[in-house]
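Undergrad: Shown below is the structure under consideration.
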Amino acid sequence: MSKLHIVGAGAVGSLVAAGAHRANIICARYPRTLDTAPSIARWLDGTQFPLPPAQSSLEVLGEDDVLLLPLKVYQLSEALTEWLPFLKNKPTVVLLHNGMGGLEVAQQVLPLNYPLLLATTSHGAFKRQDENNNNVVVYSGAGTTQIGVPVSSAELDHTKEMDVLTPKLRKAIALLNNTLPDVTYTPNILRALWHKLSVNAVINPLTALNNIQNKCIVHDQFSYLRHAVCQEFVDVASAYGFKFCAQDVHQNVIKVAKATGNNFSSMHQDVKLGRKTEISAINGYIVDMGTKKGIDVPVNALLVDKVNAL
């Protein structure tokens with residue numbers, strides 16, 4: 001029987017663990033420190049239930065198991081390196097994080113042609129402490145998860161879906177869908193991740209730098225920055241074969257900012273709590289990829305410098 005293994009104790013990973021518990025799916029959690037792992041989950045309907053204890057030691061995973069890493073990009077290399085001795089049976093590894101660059105990290109650590117999936121989710125969750133100082137993960141908004149095999153658009157044009165999505169990977173996707181639906185297979189997951197990057201590249205730094213909720217970035221005072229970031233994103237994405245329209249990208253940013261208006265972005269929360277931000281995996285990624293192609297992206301570079309200076 002397949003078993004789901006979740007690395008870390010972040011809000012999204014804890015939410016997935018709660019979904020697994022509700023669905024009676026065998027699941028293990030591996031937080032970096034046990035005292036940070038939520039012990040209680042609060043679902044959308046307001047019901048609360050205890051979560052099984054987290055594990056302190058790693059174990060060798062079975063071939064049909066799934067290792068989910070809902071971590072920040074800068075945490076991936078250390079986590080994958082630590083887990084590598086326990087992956088000798090080649091269980092499916094799933095990366096689930098904001099920003100970009102995780103694929104490159106995984107490819108450096110994992111063996112060639114390792115069974116790997118990339119995912120992005122719109123489910124909402126956050127962690128808090130209750131009146132008894134218990135760590136609680138709160139399911140704050142239902143969403144969907146897109147998942148797929150990391151192959152380029154050019155490769156997809158010459159590869160049948162059945163060749164890319166093996167039975168093993170299909171089984172892993174089905175397990176995740178049963179855990180926290182809906183999980184949808186996306187043939188061009190890399191484009192989906194670039195698309196999400198365009199939203200994060202605007203909302204995250206602007207909310208972090210100005211200490212505002214998502215909805216505030218639609219104000220006229222941020223118009224120039226919004227449009228400039230979107231245009232630079234389109235220029236860089238195009239150089240890597242991902243075609244976007246700057247106007248459509250900007251309109252989508254506005255749509256997401258309004259839909260999540262009362263939320264504070266993850267980067268805003270990182271700055272508020274004094275944690276390391278993901279700026280290098282978001283705007284920094286656009287800068288790095290632009291530099292490789294000789295594309296100037298001064299506004300994204302400026303935002304990187306300003307966030308790093310906080």
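Undergrad: Among the candidates Glu63, Glu59, Glu82, single out the residue that is more than 20 Å from Ile25 (Cα to Cα) and more than 14 Å from the chain's Cα centre (by Cα). So that I can check it myself, show each step before the final result.
TA: Values: Glu63 fails: more than 20 Å from Ile25 (Cα to Cα); Glu59 fails: more than 20 Å from Ile25 (Cα to Cα).
After applying the criteria, what remains is Glu82.
Undergrad: Among Ala192, Ala281, Ala237, which is the only one that is in contact (Cβ under 8 Å) with a residue 60 or more places away in the chain and over 30 Å from His21 (Cα atoms)? Before you say what the answer is, go through the steps one by one.
TA: Details: Ala192 fails: over 30 Å from His21 (Cα atoms); Ala237 fails: in contact (Cβ under 8 Å) with a residue 60 or more places away in the chain.
It is Ala281.
Undergrad: Restricting the range 284-303 to residues that are of a type in the set (Gly, Ala, Ser) and crowded, with 17+ Cβ neighbours inside 10 Å, which is nearest to the chain's Cα centre (by Cα)?
TA: Within the range 284-303, the first condition is being of a type in the set (Gly, Ala, Ser), and the residues that meet it are 284, 290, 294, 301.
Okay, now just the ones that are also crowded, with 17+ Cβ neighbours inside 10 Å, so 284, 290, 301.
Values: Gly284: 16, Gly290: 22, Ala301: 22 Å.
Filtering the range 284-303 for residues that are of a type in the set (Gly, Ala, Ser) and crowded, with 17+ Cβ neighbours inside 10 Å, the one nearest to the chain's Cα centre (by Cα) comes out as Gly284.
Undergrad: A further question on this structure: Can you name every residue in the range 245-267 that is part of a loop (DSSP other than H, G, I, E, B) and surrounded by fewer than 19 Cβ atoms within 10 Å (Cβ to Cβ)? Spell out the reasoning first.
TA: Of all residues in the range 245-267, those part of a loop (DSSP other than H, G, I, E, B) come to 245, 260-265.
Matches in the range 245-267: Cys245, Thr260, Gly261, Asn262, Phe264.
Undergrad: Sticking with this structure for a sec: Would you point out the residue of the range 265-279, among those that are among the polar types (S, T, N, Q) and over 13 Å from Asn308 (Cα atoms), that is nearest to the chain's Cα centre (by Cα)?
TA: Just the residues of the range 265-279 that are among the polar types (S, T, N, Q), to begin with: 265-266, 269, 277.
Adding the requirement that they be over 13 Å from Asn308 (Cα atoms) leaves 265-266, 269.
Values: Ser265: 13, Ser266: 11, Gln269: 16 Å.
Result: Ser266.
Undergrad: Take Asn89 and tell me if it is under 20 Å from Ala17 (Cα atoms) and open to solvent by 10 Å² or more (accessible area, probe 1.4 Å). Can you show your working first?
TA: Numbers: under 20 Å from Ala17 (Cα atoms): no; open to solvent by 10 Å² or more (accessible area, probe 1.4 Å): yes.
Considered against the rule, which asks whether it is under 20 Å from Ala17 (Cα atoms) and open to solvent by 10 Å² or more (accessible area, probe 1.4 Å), Asn89 comes out as no.
Undergrad: I'm told Ile212 meets every condition in (1) among the β-branched types (Val, Ile, Thr); (2) over 26 Å from Leu95 (Cα atoms); (3) in a helix (DSSP H, G or I) except one. Can you identify the failing condition by its number?
TA: The single condition Ile212 does not satisfy is (3).
Undergrad: Could you give me the residue pairs with C-beta distances under 7 Å whose first residue belongs to the range 200-222 and is under 16 Å from Gly99 (Cα atoms) and open to solvent by 10 Å² or more (accessible area, probe 1.4 Å), whose second residue is among the aromatic types (Phe, Trp, Tyr) and part of a helix (DSSP H, G or I) wherever it lies, and which are 6+ apart or on separate chains?
TA: none
Undergrad: Looking only at residues that are in a loop (DSSP other than H, G, I, E, B) and touching a residue at least 60 places away in the same chain (Cβ under 8 Å) in the range 119-131, which one is surrounded by the most Cβ atoms within 10 Å (Cβ to Cβ)? Explain how you work it out, then say what you get.
TA: If we filter the range 119-131 for residues that are in a loop (DSSP other than H, G, I, E, B), which is where we start, we get 122-123, 130-131.
Filter once more, keeping what is touching a residue at least 60 places away in the same chain (Cβ under 8 Å): 123, 130.
Numbers: His123: 19, Asp130: 13.
Among those residues, the one meeting the criterion is His123.
Undergrad: Taking the range 94-108, which residues are open to solvent by less than 10 Å² (accessible area, probe 1.4 Å), free of Cβ contacts under 8 Å to residues at least 60 places away in the same chain and closer than 15 Å to Ile189 by Cα?
TA: Leu95
Undergrad: Which ones in the range 13-36 are touching a Gly at 6+ places or on another chain (Cβ under 9 Å) and either aliphatic (A, V, I, L, M) or free of Cβ contacts under 8 Å to residues at least 40 places away in the same chain (or both)?
TA: Of everything in the range 13-36, those that are touching a Gly at 6+ places or on another chain (Cβ under 9 Å) and either aliphatic (A, V, I, L, M) or free of Cβ contacts under 8 Å to residues at least 40 places away in the same chain (or both) turn out to be Leu15, Ile25, Arg29, Tyr30, Pro31, Arg32.
The values are calculated or read from the model by the stated rules, or taken from the named source; none is laboratory data. Predicted, not measured: the structure shown is a model, and the values here were computed from it. Ideal geometry is used to build each Cβ from the backbone, glycine not excepted, and the neighbour counts take in all protein chains shown. Quick note on the areas: whole protein, heavy atoms, side chains included, nothing else; ligands and nucleic acids left out. Shrake-Rupley method; radii C 1.70, N 1.55, O 1.52, S 1.80 Å.
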